[in-house]
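Have a look at the structure below, then the notes.
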Amino acid sequence: MKLQRENLKGKNVLVFGSGISGMGAVKLLAEVEAQILLYDGNEKLKEEEVRRKLPEGCDCQIILGELPDNVIESLELAVMSPGVPQDIPPVERIRAKGITIWGEVELAYQMGKGRVLAITGTNGKTTTTALLGEIMKAYSDSVFVVGNIGNAYTGAALSTKDDSYVVAEISSFQLETIESFAPEVSAILNITEDHLNRHHTMEEYIRVKELIAVNQTKENYCILNYEDKELREFAERCPATPVFFSSERRLPQGIFLEGDRIIMKTEDEETEIVKTGDLYLLGKHNYENVMAAAAMAWYAGVPVEIIRRTVMAFKAVPHRIEFVEEIDGVAYYNDSKGTNPDAAIKGIQAMERPTLLIGGGYDKESSYEEWINAFDGKVKYLVLIGQTREKIQKAAHECGFYNTILADDLEEAVKICAQKAQKGDAVLLSPACASWGQFDNYEQRGDKFKEYVRRMMKEEN
């Protein structure tokens, strides 16, 4: 049962985290007239800097550093930003007092209206969410594309109506703190090793991903990748009605790639959605994203003509195998969204030229051997940056790949690639690592890559 917005009026609510999600939660809570305490454990932050980020007219209490016991005891609800681990002492102290803990996704869902279509998975979430958002916008006048894609769900929740569609990209961090969140149609695109520094084990990471369907019923649908063994097994216990997609085989029912055709097959009919040659998107992984988005739209009731027209017009989202420029016959691609080895494998597989690859970044405790073994003769040089550069170089050498170069930063890596690339080659930024430490996020990393490439182009001219 969803809360009414008036249920939070006057309640003492802690917002944990002062980033984009935290500020989105503060804004929503201010609008429903809750009593807000904004907390951030980073004692180096200055209160006046945090206060400047608050919504206009919001005068909430701000606490930095240590969270006092008397503050915890005064709370009626705590709202967690996705970046806050659930096993750190302040969170455990809140939980020990029996205080309800929500994430900002749960808060937004409780306060919002409309039909929710939600997407998770290790890779492909952003492209699939953006594509589904475009399909739904072609179908409905009231569509909100939110979540991990960069628009806080809390920022949109109070604008939603009963006839709205909310298309939400949901990360594992956000799924940890849901309670009643129940999409009408959900999707789990794939599950591969990622975020083990947060979830500690693959078993826990898989469990959290599967929570996207925990509150669904058989009247709802969950779109799953048939080629993922974990998801085939999950289908047998999924609370929703499972619908498979496959890029490898014809399915008796579901959506699949057959030759160059993406086909939807139900009990009653078989419908061609689109031919891959009519898509702007490159690579099998993108055909999977198209299948997932198309299936979600289909089961949300969107006519096939709208689905077909939209997927044919859709172009790649920024930072996901995004063509930047061609300089002296060398094509430069920005795949900064390749923040883990499996995503970076997809980037390499999409390349049709000999490739100079830029990798490395923040260490999420991933292993890199599978990524390196997927080079499949395409990679001429691996230029490495960031915290993981020596770790990846060691793994590459152990896998028999020795053409590695260590660079001090991304700008130097781009220059090295430009010097070594020959006409007909590609330079690909696909780091297999998070951006933290060197950049604020993968978008900033990708933007810097594009800036360095285009600066070279100007120098050439």
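Evaluated on segment 69-190, the Kirkwood hydrodynamic radius is 15.1 Å, with distances taken between all distinct Cα atoms. Expressed as a whole percent, the proportion of Cα-Cα pairs in segment 1-111 lying more than 20 Å apart is 33%.
Mind ordering 122-132, 39-49, 325-335, 108-118 by average Cβ neighbours within 10 Å, highest first?
Result, highest mean Cβ count within 10 Å first: 122-132, 108-118, 325-335, 39-49.
Tell me whether segment 312-461 comes out rounded, prolate or oblate; compute the Cα gyration tensor, take square roots of the eigenvalues as a ≥ b ≥ c, and use a/c under 1.5 as the rounded threshold. Rounded, because the longest to shortest axis ratio a/c is under 1.5.
So if each residue of separation counts as 0.36 nm, and I subtract the Cα-Cα distance between Asp409 and Glu92, what length gain in nm does that give?
Answer, rounded to one decimal: 110.3 nm.
A Förster radius of 60 Å, combined with the Cβ-Cβ distance separating Ala235 from Asp59, puts the computed FRET efficiency at roughly 0.75. Taking 18 Å as the cut-off, the amide N atoms of segment 320-364 that come nearer than this to a point 7 Å along the Cα-to-beta-carbon line of Lys458 belong to 324-328.
Lysine pair count for segment 44-175 (Cα-Cα distance under 23 Å; residues 8 or more apart in sequence or on different chains): 6. For segment 391-455, the spherically averaged projection of the C-alpha convex hull amounts to 5.1 nm².
Computed from the alpha carbon positions, the gyration tensor of segment 20-76 leads to an equivalent ellipsoid with semi-axes of 18, 16, 9 Å, biggest first.
What fraction of the DSSP beta bridges in segment 305-384 is antiparallel, stated in percent and rounded to the nearest 5?
Restricted to segment 305-384, the bridges split so that about 50 percent are antiparallel.
Kirkwood hydrodynamic radius of segment 217-334, from the reciprocal of the average inverse Cα-Cα distance over all distinct pairs: 15.4 Å. So for segment 121-214, what percent of the C-alpha to C-alpha distances run longer than 23 Å? Within segment 121-214, distances greater than 23 Å cover 25 percent of Cα pairs. Less than 5 angstrom separates the built amide H of Lys11 from those of Gln35, all sequence-distant by 5 or more or on a different chain. Rolling a 1.4 Å probe over the protein heavy atoms gives segment 48-141 an accessible area of 42 Å² per residue. Hey, with R₀ at 51 Å, roughly what FRET efficiency would Glu326 and Arg250 work out to, going by the Cβ-Cβ distance, to 0.05? Once rounded, the FRET efficiency stands at 0.85.
From helices alone, the chain scores -10000 deg cm²/dmol at 222 nm; the rule is -39500 (n - 2.57) for each run of n ≥ 4 DSSP H residues, then divide by the residue total. Heavy-atom accessible surface of Ser247, to the nearest 10 Å², is about 10 Å², with a 1.4 Å probe and all protein chains retained. Based on Cα contacts under 8 Å between residues 6+ apart, the chain shows a relative contact order of 11 percent. Computed from backbone phi, the HN-Hα couplings of segment 94-103 come to 5, 5, 5, 7, x, 7, 4, 10, 10, x Hz, rounded to whole numbers (Karplus: 6.51 cos²θ - 1.76 cosθ + 1.60, θ = phi - 60°; Gly and Pro given as x).
Give me Rg/Rg_expected for segment 275-354, where Rg uses Cα atoms only and Rg_expected = 2.2 N^0.38 Å with N residues.
1.23
Under a 5 Å amide H cut-off, with hydrogens placed 1.01 Å from N, Phe244 pairs with Leu224, Ile255 among residues at least 5 apart or on other chains. Compactness of segment 78-129, taken as the C-alpha radius of gyration over 2.2 N^0.38 Å, stands at 1.43.
Backbone phi angles across segment 274-282, fed through the Karplus curve with coefficients 6.51, -1.76 and 1.60 (θ = phi - 60°), yield HN-Hα couplings of 6, 9, 4, x, 8, 9, 7, 6, 9 Hz in residue order; Gly and Pro are listed as x.
Put simply, the amide H of Ser186, placed in the peptide plane, has neighbours under 5 Å in Ala118, Tyr221, Cys222, Ile223, leaving out anything fewer than 5 places away on its chain. Per-residue 3J(HN,Hα) values for segment 345-351, derived from phi via the Karplus relation 6.51 cos²θ - 1.76 cosθ + 1.60 with θ = phi - 60°, read 4, 4, x, 5, 4, 7, 6 Hz in sequence order (x marks Gly and Pro). On the protein heavy atoms, probe 1.4 angstrom, tell me the percent of accessible surface of the chain carried by carbon and sulfur. For the chain, the apolar C and S fraction of the accessible surface comes to 44 percent. Using the 1.4 Å probe convention, the accessible area of segment 145-241 works out to 37 Å² per residue with neighbouring protein chains retained.
The values are calculated or read from the model by the stated rules, or taken from the named source; none is laboratory data. Because the structure is predicted, anything quoted here is derived from the model rather than measured. Using ideal geometry, Cβ is built from the backbone for each residue, glycine included, and neighbour counts are taken over all protein chains shown. Note: accessible area is taken over every heavy atom of the protein model, side chains too, but ligands, DNA and RNA are not part of it. Shrake-Rupley method; radii C 1.70, N 1.55, O 1.52, S 1.80 Å.
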